[in-house]
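Asker: This is the structure I have questions about; it appears just below.
The values are calculated or read from the model by the stated rules, or taken from the named source; none is laboratory data. Here the structure is a predicted model, which means the values were calculated and not measured. Glycine gets a Cβ as well: all are built from the backbone with ideal geometry, and neighbour counts include every protein chain shown. Quick note on the areas: whole protein, heavy atoms, side chains included, nothing else; ligands and nucleic acids left out. Shrake-Rupley method; radii C 1.70, N 1.55, O 1.52, S 1.80 Å.
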Protein chains: 2
Amino acid sequence: MRNDAAACIAVDWGTTNRRIYRLAADGALLDRHRDGHGIARMTRGDYPAAIVAIRAEDAGAPVILAGMAGSSRGWHEVAYVAAPATIADLAAGAWRGTGENVTILPGVAAAPDAAPDVMRGEEVQILGAIAAGLAPADALFCQPGTHSKWIRTADAAIASFRTAMAGETFGLLRRHSVLSEMLQAEPVAGAAFDDGVARGVEDRDLLGALFSVRAGVLLGRLARHDAASFASGVLIGADVASGVATGESVHLVADAKLGAFYARAIGLRGGTVIAIDSEAAFVAGVNRIREAMA
Amino acid sequence: MRNDAAACIAVDWGTTNRRIYRLAADGALLDRHRDGHGIARMTRGDYPAAIVAIRAEDAGAPVILAGMAGSSRGWHEVAYVAAPATIADLAAGAWRGTGENVTILPGVAAAPDAAPDVMRGEEVQILGAIAAGLAPADALFCQPGTHSKWIRTADAAIASFRTAMAGETFGLLRRHSVLSEMLQAEPVAGAAFDDGVARGVEDRDLLGALFSVRAGVLLGRLARHDAASFASGVLIGADVASGVATGESVHLVADAKLGAFYARAIGLRGGTVIAIDSEAAFVAGVNRIREAMA
């Protein structure tokens, strides 16, 4: 079935995955597509042909790229705008130099007086969620993943944020560490996960808690099939403990699977979870940025 | 030059390395040998021939094995003795069943009411250091490495301990992570290391501090050639923060290179370092265990 022609195509271009959204003139989502053509699989010279393919059905439609396409490893490096960053700041920092009606959005860097941190892509979803009324203008957001993001907004601006190597560390331990053979099971959001969260939250000794996975199995105090769930809990617990204080509300922007683990850990930490539709947030963010650039 | 025949040969058999000590009848060290024949390179069937080679010049001398030779991945699994563990407990838990005049010492497990933890080999050095008068009977010890050990003794017994995946985590990050290309330099115990220690000690957010290595380099706030030193400082700082309280004395059992990093971090944490000669400690420990087994 042929959709209506798009007035704009927005791409959330990550390191591993790519999400393509075709938008109508009024900003409504016509359709979306997800694939594995992240920037890690692209060379700089691949982008012009990729853009032609992306707008195959929408000749001439403007294309807006968010995420890693603007990184040093992407198509064209677009400088970060510094927090606090609003929709207007993202629009002002966008790069429109390709001559192909392609706009590449900037990422956001932490304020100069904060610990160094960077994001590319998450800011569109977060500010879009606020624009769409999915979250208040002053809120705490969590986007779990390979590198999880915890983002605080104030007056509808990205105010401060923290990135944690949570998912990547689990992958490193599972594939390459002394714990590897113990971590092959798929983590389950049950009692062993909860025990791991408690350990990760409470003693703040991540390096010690991880070794206790091995010791627990050797001593018969942790079932081998529970080790992956416990280790996942330790890492997510450590992440959550640094991300949210007891009693806070967290706006969770996540896929269902990983979101369930984070929601459970945030609840154990004493936080309240509000789930955000990440695609609706992204589309709202792009529409607001388009308005600001017009 | 031919040494005197040994009255006993003691082996500290680790996962990666092996240290062989030939001892005189009075316990004096005749000579020592270190090589890369850790248990990771051995199958169970390799041990008898290895023992023959070890006592080639000392026919019939008793051989005492400490460390991973008694692990499930070693020659013969010897059950852990539970903390609190003394020299007499190690002697009582030793296994002498090979019929080849070989004794395999047990490891130590954490007390049943503590978080699960295990050691194999370190206990001989720690209790030996106390026996040799190198440390008091109530002390805090640190043995940094792939898996660092922090051990508290009371009344000349291993009372409690904690193992941290410090060195292994640095190796994982350096070889396999998104930080890999930034971490290829050799860490230096200088200002960048100190900054990392401060970060690792202070905010207890290891997963966040590690990502800030990448963000710091991307934002030009951390020199690329300082990244490995900073990351090493973050990990050692996190380890030290969980291992020692401000004002405590730490008996450091380490080789010179890694010991220098830990001594610096412990000093920054407000601790006092007392260096222990690990070989003298091991020999003293073996001699006391032999006496207790006699």
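Asker: Restricting to region B:119-134, give me the number of residues that are touching a helix residue (DSSP H, G or I) at 6+ places or on another chain (Cβ under 9 Å), open to solvent by 10 Å² or more (accessible area, probe 1.4 Å) and either at negative phi or not in a loop (DSSP other than H, G, I, E, B) (or both).
Answerer: Summing the residues that are touching a helix residue (DSSP H, G or I) at 6+ places or on another chain (Cβ under 9 Å), open to solvent by 10 Å² or more (accessible area, probe 1.4 Å) and either at negative phi or not in a loop (DSSP other than H, G, I, E, B) (or both) in region B:119-134 gives 6.
Asker: Take B:Ala215 and tell me if it is within 12 Å of chain A (Cβ to nearest Cβ), open to solvent by less than 10 Å² (accessible area, probe 1.4 Å) and modelled with pLDDT of 95 or more.
Answerer: Working: within 12 Å of chain A (Cβ to nearest Cβ): yes; open to solvent by less than 10 Å² (accessible area, probe 1.4 Å): yes; modelled with pLDDT of 95 or more: yes.
When the stated conditions are applied, B:Ala215 passes them.
Asker: Output yes when any residue across region A:69-80 is of a type in the set (Gly, Ala, Ser), farther than 30 Å from A:Ala110 by Cβ and either within 14 Å of chain B (Cβ to nearest Cβ) or open to solvent by 60 Å² or more (accessible area, probe 1.4 Å) (or both), and no when none is. Even if it seems obvious, please write down each step before you answer.
Answerer: Narrowing region A:69-80 to residues of a type in the set (Gly, Ala, Ser): A:69-72, A:74, A:79.
Next, only the ones that are farther than 30 Å from A:Ala110 by Cβ stay: none.
The answer is no; no qualifying residue exists.
Asker: Given the criterion among the charged types (D, E, K, R), open to solvent by 20 Å² or more (accessible area, probe 1.4 Å) and over 14 Å from A:Asn101 (Cα atoms), identify the matching residue among A:Arg44, A:Arg55.
Answerer: Numbers: A:Arg55 fails: over 14 Å from A:Asn101 (Cα atoms).
The unique qualifying residue is A:Arg44.
The rows are residues; the columns are (1) in contact with a helix residue (DSSP H, G or I) (Cβ under 6 Å, 6 or more places away or on another chain); (2) without any contact (Cβ under 8 Å) to a residue 24 or more places away in the chain.
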{"site": "B:Val11", "(1), (2)": "no, no"}
{"site": "B:His33", "(1), (2)": "no, yes"}
{"site": "B:Gly36", "(1), (2)": "no, yes"}
{"site": "B:Ile39", "(1), (2)": "yes, no"}
{"site": "B:Asp46", "(1), (2)": "no, yes"}
{"site": "B:Tyr80", "(1), (2)": "no, no"}
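Asker: Ok, one more. Can you pull out every residue in region A:218-227 that is more than 8 Å from chain B (Cβ to nearest Cβ) and either acidic (Asp, Glu) or open to solvent by 20 Å² or more (accessible area, probe 1.4 Å) (or both)? Outline the logic, then answer.
Answerer: Step one: of region A:218-227, the residues more than 8 Å from chain B (Cβ to nearest Cβ) are A:220, A:223-227.
Hits for region A:218-227 are A:Gly220, A:Ala223, A:Arg224, A:His225, A:Asp226.
Asker: Restricting attention to region A:52-80, which residues are closer than 18 Å to A:Gly121 by Cα and not in a loop (DSSP other than H, G, I, E, B)?
Answerer: A:Val63, A:Ile64, A:Leu65, A:Ala66, A:Gly67, A:Met68, A:Ala69, A:Gly70
Asker: Within region B:195-212, restricting attention to residues that are facing chain A (nearest Cβ under 7 Å), open to solvent by 10 Å² or more (accessible area, probe 1.4 Å) and touching a residue at least 24 places away in the same chain (Cβ under 8 Å), which residue is farthest from A:Tyr80 (Cα to Cα)?
Answerer: Going through the qualifying residues, I end up with B:Arg204.
Asker: Could you check, for region A:240-253, whether at least one of its residues is facing another protein chain (nearest Cβ under 8 Å) and in contact with a Phe, Trp or Tyr (Cβ under 6 Å, 6 or more places away or on another chain)?
Answerer: In the first step, residues of region A:240-253 are kept if they are facing another protein chain (nearest Cβ under 8 Å); the result is A:242.
After this cut, where a residue has to be in contact with a Phe, Trp or Tyr (Cβ under 6 Å, 6 or more places away or on another chain) as well, the list is none.
Scanning region A:240-253 turns up no residue that is facing another protein chain (nearest Cβ under 8 Å) and in contact with a Phe, Trp or Tyr (Cβ under 6 Å, 6 or more places away or on another chain).
Asker: Separate question: For region A:168-190, which residues satisfy the criterion of being assigned to a helix (DSSP H, G or I) and in contact (Cβ under 8 Å) with a residue 24 or more places away in the chain? Give the steps one after another, and end with the answer.
Answerer: Restricting attention to region A:168-190, the residues satisfying the condition of being assigned to a helix (DSSP H, G or I) are A:168-176, A:180-182.
Within region A:168-190, A:Thr169, A:Phe170, A:Gly171, A:Leu173, A:Arg174, A:Met182 qualify.
Asker: Does any residue of region A:149-166 turn out to be part of a helix (DSSP H, G or I) and either over 17 Å from A:Ile266 (Cβ atoms) or open to solvent by 20 Å² or more (accessible area, probe 1.4 Å) (or both)? Spell out the reasoning first.
Answerer: In the first step, residues of region A:149-166 are kept if they are part of a helix (DSSP H, G or I); the result is A:166.
From what's left, either over 17 Å from A:Ile266 (Cβ atoms) or open to solvent by 20 Å² or more (accessible area, probe 1.4 Å) (or both): none.
Within region A:149-166, none of the residues are part of a helix (DSSP H, G or I) and either over 17 Å from A:Ile266 (Cβ atoms) or open to solvent by 20 Å² or more (accessible area, probe 1.4 Å) (or both).
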